[in-house]
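Report on the structure given below.
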Amino acid sequence: MLEDPYPHYAELREQYPIFWHEGMKSWVVTRYRDCRDVLRNHELFARDRRRVGEEIPEFRQSLQTLDPPDQAPLRSLIMNAFRSQDLDAVGERARARIQELFRKLAEQDSFDWMRDVAGPVALSITADLLGVPEPDPDLYSDISEGIAQRMDAGLKPANIEQGDLARTRLNALAEEWFAGDEQPGVLKDIKDRAARAGMPMHYISNSTGMMFNASYGTVFATAGNVALTLLRHPDALERLRDERLLRTGVDELVRYDGPAQGTSRVATRTTEIHGTTIEPGQIVLTLLAAANRDPREFPRPDELVLDRTPNRHLGFGWGTHACVGAMFGQVAIRELIVCLLAAPQRLRPAGTATRRQTATVRSLDVFPVAFDR
């Protein structure tokens, strides 16, 4: 499943459009339209589990745990802060950072793409976008890993303690940023407008931390998946020299092998999917990666179609909880591809790529590569 889940997802889509997973105590939906409909129907399928009587401790309360209409002021605050940023300038600085890394790494016989490129790039450009000091790489890697493991708590309940500790450390980091000196970026805009949102401060601070982690984690994992895909399809990398294909190609790479494998909601009242009754309080897991290969929505779903249009993939979610930083993620991956194309030597695999032992987030752990000499 870690190496190649897509044949299994195809079988599930055809034979089990909805099924009960005993380990996760969840209904799992596997087809595109069903996943999309669950994600956009926030009245019937809630992200905020307080709507079905569960408690959410303060350290976990953020934009992610609110549904409309309560969510609207905070989402508007964060979206407006993102929209006010000069993403082209952020992209230019990201390009300079990547080129600097490539120049240093080109002198080595080989290197680990995840440790030496994906991690530093994800950390530096996320800190640049938010306008916060760049955290210590080892410290932040531990935080991000703990949160990623926490997402798998339905499969491994033992991950809860580690994940909650990581979230607490992230919240403390966000509080330091709010108390520190202001720099241009998303955080400054959030601070400037926070009073108008009328939200408790811990919601705003926690959301900023989770936004940082979502950006870092998405760029990190996507950078690995994209590099592996393009090195396995060198013809596709060459075709991305065409700027028109680059614009659509980034979305296609996310659809083809994105990091987000699934996300869950909880039913607020009795409903049915494909004749299966779902009771109030039961969890519904939308298997996003299976939906993104659904032939009912995507012709030739197992092929990398760089000019695919339309491409309404679920790689950044859908509906009221869609990723607020999706545009930034696209910029980061675009710059990475541009730098690969501009590198004076060709990048090639230098060993076997291995996957992280995580189910919700699909990410490489180690990917040995080298520049030709």
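The values are calculated or read from the model by the stated rules, or taken from the named source; none is laboratory data. Source: prediction; values computed, not measured. Because the Cβ atoms are built from the backbone with ideal geometry, glycine has one as well, and the counts that use them run over all protein chains shown.
Laid out as a table, the results:
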| quantity | calculated |
| --- | --- |
| Filter result for the condition that a residue is under 24 Å from Gly329 (Cα atoms) and among the hydrophobic types (A, V, I, L, M, F, W, C), over Ile204, Ile278 | Ile204 |
| Complete set of residues in segment 19-47 that are part of a loop (DSSP other than H, G, I, E, B), closer than 12 Å to Ala291 by Cα and not polar (S, T, N, Q) | Arg31 |
| Arg83 vs. criteria out of contact with any Pro (no Cβ under 9 Å at 6 or more places or on another chain), at pLDDT 95 or above and over 21 Å from Ala223 (Cα atoms) | no |
| Selection count, segment 140-164, where residues are surrounded by 15 or more Cβ atoms within 10 Å (Cβ to Cβ), among the aliphatic types (A, V, I, L, M) and either at pLDDT below 95 or over 19 Å from Ile125 (Cα atoms) (or both) | 4 |
| Enumeration of residues in segment 80-91 that are surrounded by 13 or more Cβ atoms within 10 Å (Cβ to Cβ) and not aromatic (Phe, Trp, Tyr) | Asn80, Ala81, Ser84, Gln85, Leu87, Val90, Gly91 |
| Scope segment 192-213; condition more than 21 Å from the chain's Cα centre (by Cα) and in a helix (DSSP H, G or I); matching residues | Asp192, Arg193, Ala194, Ala195, Arg196, Ala197, Met201, His202 |
| Glu238 vs. criteria among the acidic types (Asp, Glu), part of a helix (DSSP H, G or I), modelled with pLDDT of 95 or more and surrounded by fewer than 20 Cβ atoms within 10 Å (Cβ to Cβ) | yes |
| Test: residue in segment 35-51 that is modelled with pLDDT under 95, surrounded by 13 or more Cβ atoms within 10 Å (Cβ to Cβ) and not basic (Lys, Arg) | no |
| Search result, residues across segment 307-360 that are among the aliphatic types (A, V, I, L, M), surrounded by fewer than 17 Cβ atoms within 10 Å (Cβ to Cβ) and under 21 Å from Thr30 (Cβ atoms) | Ala322 |
| Where Met201 falls short, out of the listed (1) exposed (fewer than 15 other Cβ atoms within 10 Å of the Cβ); (2) touching a residue at least 24 places away in the same chain (Cβ under 8 Å); (3) not β-branched (Val, Ile, Thr) | (2) |
| Members of segment 1-59 found to be within 19 Å of Asp152 (Cβ to Cβ) and among the small types (Gly, Ala, Ser), listed by number | Gly23, Ser26 |
| Boolean, Arg75 is over 18 Å from Gly185 (Cα atoms) and not hydroxyl-bearing (Ser, Thr, Tyr) | no |
| Residue tally, condition touching a helix residue (DSSP H, G or I) at 6+ places or on another chain (Cβ under 9 Å), over 26 Å from Leu139 (Cα atoms) and assigned to a helix (DSSP H, G or I), over segment 73-126 | 11 |
| Test: residue in segment 86-109 that is of a type outside the set (Ser, Thr, Tyr) and under 19 Å from Trp318 (Cβ atoms) | no |
| Search result, residues across segment 104-137 that are β-branched (Val, Ile, Thr) and over 16 Å from Leu231 (Cβ atoms) | Val121, Ile125, Thr126, Val132 |
| Residue in segment 298-315 that is under 28 Å from Gln99 (Cβ atoms), touching a helix residue (DSSP H, G or I) at 6+ places or on another chain (Cβ under 8 Å) and assigned to a helix (DSSP H, G or I) present | no |
| Residue in segment 178-191 that is over 22 Å from Gly91 (Cα atoms), in a loop (DSSP other than H, G, I, E, B) and either modelled with pLDDT under 95 or touching a strand residue (DSSP E or B) at 6+ places or on another chain (Cβ under 7 Å) (or both) present | yes |
| Residue list for segment 146-161, restricted to those being in contact (Cβ under 8 Å) with a residue 60 or more places away in the chain and either part of a helix (DSSP H, G or I) or closer than 15 Å to Phe59 by Cα (or both) | Ile147, Ala148, Gln149 |
| Condition check for Val132: modelled with pLDDT of 95 or more, touching a helix residue (DSSP H, G or I) at 6+ places or on another chain (Cβ under 7 Å), surrounded by 15 or more Cβ atoms within 10 Å (Cβ to Cβ) and not in a helix (DSSP H, G or I) | yes |
